[in-house]
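Let me begin by presenting the structure, written as structure tokens, before commenting on it.
The values are calculated or read from the model by the stated rules, or taken from the named source; none is laboratory data. Just so it is clear, the structure is predicted and the values come from calculations on it, not from any experiment. Here Cβ is always computed from backbone atoms with ideal geometry, including for glycine, and neighbour counts include all displayed protein chains.
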Amino acid sequence: MAIITYREAVREALREEMRRDERVFMLGEDIGIYGGAFGVTTGMLEEFGPERIRNTPISEAAIAGVAVGAAAMGMRPVAEVMYIDFITLSMDQLVNQAAKIRYMFGGKAKIPMVMRTQGGAGRCNAGQHSQSLEAWFVHIPGLYVIQPSTPYDVKGLLKSAIRDDNPVIFIEHKMIYATKGEVPEKEYLVPIGVADVKREGKDVTIVATSMMLLMALEAATELAKEGIEAEVVDPCTLNPLDIDTILNSVKKTSHLVICHEANERCGVGAEIAAQVADKGFDYLDAPIKRVCAPNSVIPYNQHLERAFIPSKERLMEAVKEILE
Amino acid sequence: MSLDTNKLLWMYKTMLTIRGFEEKAFDLFKRGLVRGSIHFYIGEEAMATGSCGAIQPGDAITATHRGHGQCIAKGAKVDLMLAELLGKATGYCKGKGGSMHIADVDAGILGANGIVGGGIPLAAGAGLAFKLQKAPNVVLCFFGDGASNQGGLLESANLASIWKLPVVYICENNYYGLSMCVLDSVACPNIADRAVAFGMPGVVVDGNDVLAVYETVSAAVARARAGEGPTFIEGKTYRWMGHFSGDAEVYRTKEEKEEWMRKDPIARFEKILLDRNLLDSAKAQALRQEAERQLEAAEKFAIESPDPALDTLLTDIYA
């Protein structure tokens, strides 16, 4: 095992897949000599050249649409939109083209593309550079949505996404890039659509995504000091959602708290809660709780931003509340 | 004229087939067999025919919501198209797409598109695929005057130009985006004037002259194949029918429409062929009958085909 950062893990996945399959290429803003806004593609232009590491103008609709068109014609593009906030400009190409083509063409086409982007707050970037918009894409049949939280998962899932024949929205988090974790030296894949139990526990299930997964693990450590053993589940893939792993955990703990950084209303937590209420109502000893961001615009001021992002304290409080 | 007679007669027959297809489709719509809405191509046949006449098998097109003509000219089969219009399991899209989504990716038809301008970025992507695959092929990107005001055109045409992608932008200026006249929706005299800003040649052509369209697109295709990048072609033409099957057409005059109908691209081309003794009335009649026979067989096929099984509702969402 090597200890590498999340950023390096993304880069390793991209490198390995581009070496493995010459149909894979990248396109996006400032991914060339600049190395990407978050340094993910540093050095890739040197290795693969400008034909395969394609720096684009600031044209998010074209980035997405070119990826769809190239994918339809046999390539395997990995497109990048610098901030998920900018993906609003790509929406027609993702929602009306990428997601629909296979179905509307009667299954006679495939769109093997990955749209990489990153979201999340924590850097005082205010309301247009900090959002968590994953639920928009989870709502659209025809897209897969992946939101990994560790170096191991991000590498293995990105490799799987690139090899998959469907359009995948792949959402990283700006505050996770510098975190480190163990990654095997040998090649491996992490399957799409499989949740991972990151910490075992018997008292309560915490389902958390992306940055909130890391926070939930810290909360679980502190809860353990108070004698509460939390099981922490990372869905990893939001669509298709591995509801069985979540249900099995709830069956064991009888309590569920869902935590994500997107605001609460119609977030992924609502879907998870609905499915558990539908399929696992009898397992539950208390109402399902959501710990999410408030239904607000993300503020600039550091104190306001900190108040916006779900905190460890809030999560621990919610756990204690349903265990009472 | 450098074109051989077979090619000229292919053009004539193709234009007849497109018009006949649209008439058949309208008839089936009025009979309640085609649902939703259809956008008819009648009056614009020279655009698709001259354009697709200039490309080869292996080349690709992106079509529009008014795409029947473009698909037929690229070689789509009228029986599978009509079956799709009727929503049948045997249609191009197994009844899941309908009129606005006729596609045959293997044959280079990357789909008609329900979003105005939605296919424009896809064309650049297909062009990039050809370039990266070192294939000698080109993409014809069809769109209308309405789509010319969509942001995706600016983004894609700029990208195609800086990357010298093998794409030919073909703007079918039929004067109306639903009800809005191009004279009110576009500030410059010609839509092709915008090509200057994309750094590519811009050419205006009489879109009702199939030979002029053919020659203009051929030159652009040669340029694209040579790696010199995209060209922006604007063909001025006119749609004879309303925007869609139920349009009351309150936004234009009868006189204006009749003036354009006198410029009928098929009658005009027929006269050229007759004048040059490449066609006589007996041969013209025979070609018309052949097109009619094919369309009648297609109608029979479509009507007799089964609806898709209900369990296909949930298939083909993912690969």
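Mind counting the residues in region B:91-122 that are among the β-branched types (V, I, T) and facing another protein chain (nearest Cβ under 7 Å)?
Number of matching residues: 2.
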Somewhere in region A:287-301, is a residue touching a Gly at 6+ places or on another chain (Cβ under 6 Å), touching a residue at least 40 places away in the same chain (Cβ under 8 Å) and surrounded by fewer than 20 Cβ atoms within 10 Å (Cβ to Cβ)? yes
Going through A:A161, A:A121 one at a time, which residue ends up being closer than 21 Å to A:T5 by Cα, within 14 Å of chain B (Cβ to nearest Cβ) and crowded, with 24+ Cβ neighbours inside 10 Å? A:A161
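Does B:L132 count as at the interface with another protein chain (Cβ under 7 Å from one of its Cβ atoms), at pLDDT 95 or above and surrounded by 24 or more Cβ atoms within 10 Å (Cβ to Cβ)? So that I can check it myself, show each step before the final result.
Numbers: at the interface with another protein chain (Cβ under 7 Å from one of its Cβ atoms): yes; at pLDDT 95 or above: yes; surrounded by 24 or more Cβ atoms within 10 Å (Cβ to Cβ): no.
In short, no.
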Unmet requirement for A:V114, which otherwise passes all of (1) of a type in the set (A, V, I, L, M, F, W, C); (2) within 13 Å of another protein chain (Cβ to nearest Cβ); (3) surrounded by 24 or more Cβ atoms within 10 Å (Cβ to Cβ): (2)
Could you figure out which of (1) in contact (Cβ under 8 Å) with a residue 12 or more places away in the chain; (2) within 12 Å of another protein chain (Cβ to nearest Cβ); (3) outside any loop (DSSP other than H, G, I, E, B); (4) small (G, A, S) isn't true of B:G125? (1)
Consider only pairs whose beta carbons are under 9 Å apart and that are at least six residues apart or on different chains; among these, list those whose first residue lies in region B:252-267 and is farther than 10 Å from B:W240 by Cβ and whose second residue is loosely packed, with under 15 Cβ neighbours inside 10 Å. B:R252/B:S179; B:R252/B:C181
For region A:68-83, state whether one or more residues are away from chain B (no Cβ under 12 Å), within 25 Å of B:A319 (Cα to Cα) and either without any contact (Cβ under 8 Å) to a residue 60 or more places away in the chain or part of a helix (DSSP H, G or I) (or both). yes
Condition met for B:A54 (within 12 Å of chain A (Cβ to nearest Cβ) and more than 30 Å from B:D311 (Cα to Cα)): no
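Among the residues of region B:135-167, what is the count of those that are assigned to a helix (DSSP H, G or I) and either within 16 Å of A:G65 (Cα to Cα) or facing chain A (nearest Cβ under 9 Å) (or both)?
Of the residues in region B:135-167, the ones assigned to a helix (DSSP H, G or I) are B:147-149, B:151-162.
Now restrict to residues that are either within 16 Å of A:G65 (Cα to Cα) or facing chain A (nearest Cβ under 9 Å) (or both): B:147, B:151-162.
The qualifying residues number 13.
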Which pairs do you get when a residue that is in the same structural domain as A:S90 (by TED's automatic domain parsing), found in region A:53-67, comes within reach of a residue that is basic (K, R) and in a strand (DSSP E or B), reach meaning Cβ atoms under 9 angstrom, with the pair 6+ apart or on two chains? A:V66/A:R54
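Taking the residues in region A:188-225 that are of a type in the set (S, T, Y) and surrounded by 21 or more Cβ atoms within 10 Å (Cβ to Cβ) as candidates, determine which candidate is nearest to A:I288 (Cα to Cα). Steps first, please.
Start the filter on region A:188-225 by keeping residues that are of a type in the set (S, T, Y), which leaves A:188, A:205, A:209-210, A:221.
Retained after the next criterion (residues that are surrounded by 21 or more Cβ atoms within 10 Å (Cβ to Cβ)): A:205, A:209-210.
Working: A:T205: 10, A:T209: 16, A:S210: 20 Å.
Going through the qualifying residues, I end up with A:T205.
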Between a residue in region B:303-319 that is under 14 Å from A:G142 (Cβ atoms) and any residue that is aromatic (F, W, Y), which pairs come within a Cβ distance under 9 Å, given they are 6 or more apart or on different chains? B:T315/A:Y103; B:D316/A:Y103; B:D316/A:F105; B:I317/A:Y103; B:Y318/A:Y103; B:Y318/A:Y144
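Of all the helices (runs of 4 or more DSSP H) wholly in region A:198-298, which have at least 2 residues that are in contact with a strand residue (DSSP E or B) (Cβ under 6 Å, 6 or more places away or on another chain) and under 18 Å from A:M316 (Cα atoms)? If you could, list the steps in order and put the result at the bottom.
Details: elements: A:210-225, A:243-253, A:268-280.
So the answer is A:210-225, A:243-253.
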